[in-house]
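First the structure, in the form of structure tokens, and then the observations on it.
The values are calculated or read from the model by the stated rules, or taken from the named source; none is laboratory data. On a predicted model such as this, the values are computed, not experimentally measured, just so you know. No Cβ is skipped: glycine too gets one built from the backbone with ideal geometry, and neighbour counts run over all protein chains shown. What goes into the accessible areas is simple: the full protein's heavy atoms, side chains included, and nothing from ligands, DNA or RNA. Shrake-Rupley method; radii C 1.70, N 1.55, O 1.52, S 1.80 Å.
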Amino acid sequence: MTTSRAGLSLERRFAATQHGRIHVAMAGAGFPVLLLHQTPRSWDEYRDVLPLLGRDFRAIAMDTLGFGDSDRPAGEPSIELWAQAALALLDALDAPRAAIVGHHTGAAIAVEIAASAPARVGALVLSACPFVDAARRAKHEGMRVIDDVETRADGAHLAELWARRQPFYPAENPDLLRRFMIDALRAGEMAAEGHRVVNRYRMEDRLGHIRCPTLVIAPTCDPHAHPAAPKVAGAIGGSVLRELSGGMVPLPDQMPEAFAGLVREFVVAHVEA
């Protein structure tokens, strides 16, 4: 148990599931809000968001299988497998229903959770969600993904990885990129594979199955996600699209107060405590 800067206690522990041990960090009490991180991050992406949401909810940030302190997946990783593991975690935490919040890869996982288990999802927040359809899959087939760097004995791959990511992070806060590097090195080969998993997902077959209230967050300075946001929102009936000015790839830890504020406002409006 640790105490956050917001004064709330953060609980970190492991939950045993049929998919392996899953590591979680939690804050607060009330209606569960499950937070799903991008590739190749961990719960740490929501380190500053957790205590903010914990003022009103039971905020839960999990490490996706293969990342952070969670076990590696037993079989080939997929968005479907990661969604099943997230639902298994909610079962282990005695949370039959929750709001699901995902950022980048986490948003793809959140899409699958909402499509496959609609009764479990009270509200859905998709932050910087990719739009994965046949055109994207064809475009990315065989393409080198951003975190694919070859390990070299002199450590030059570390500088290469930093340089490949640096344009998408705020120059005034280098600590965000340092935190990224820590998670990426822990993830090993999953740092690159996580992106390939997203690019294999047949998202266009799943978006139309989402029936819960949905908020799509579009960070304006995320060149990957911002153009996709209208397509994602347009494919989900009744969804709400909100832009976050100045938001970049590390949105939750770049702008935790603004991010948590949008999530809180939407969840409060659409779920019963």
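As for the stretch 192-210, it holds at least one residue that is surrounded by 14 or more Cβ atoms within 10 Å (Cβ to Cβ) and touching a strand residue (DSSP E or B) at 6+ places or on another chain (Cβ under 9 Å).
Have a look at Arg211, Arg196, Arg202, Arg242 and point out the one that is within 22 Å of Ser70 (Cα to Cα) and basic (Lys, Arg).
On the way: Arg211 fails: within 22 Å of Ser70 (Cα to Cα); Arg202 fails: within 22 Å of Ser70 (Cα to Cα); Arg242 fails: within 22 Å of Ser70 (Cα to Cα).
When all the criteria are applied, what remains is Arg196.
Considering Arg186, Arg120, Arg178, the condition of being touching a residue at least 60 places away in the same chain (Cβ under 8 Å), open to solvent by 30 Å² or more (accessible area, probe 1.4 Å) and either over 23 Å from Met203 (Cα atoms) or within 21 Å of the chain's Cα centre (by Cα) (or both) is satisfied by Arg186 alone.
Could we say that Pro219 is crowded, with 20+ Cβ neighbours inside 10 Å, of a type outside the set (Asp, Glu) and in contact (Cβ under 8 Å) with a residue 60 or more places away in the chain here?
Numbers: crowded, with 20+ Cβ neighbours inside 10 Å: yes; of a type outside the set (Asp, Glu): yes; in contact (Cβ under 8 Å) with a residue 60 or more places away in the chain: yes.
Here the answer is yes, as Pro219 does meet what is asked.
Within the stretch 113-136, the set of residues being over 28 Å from Met248 (Cβ atoms) and not in a helix (DSSP H, G or I) comprises Ala117, Gly122.
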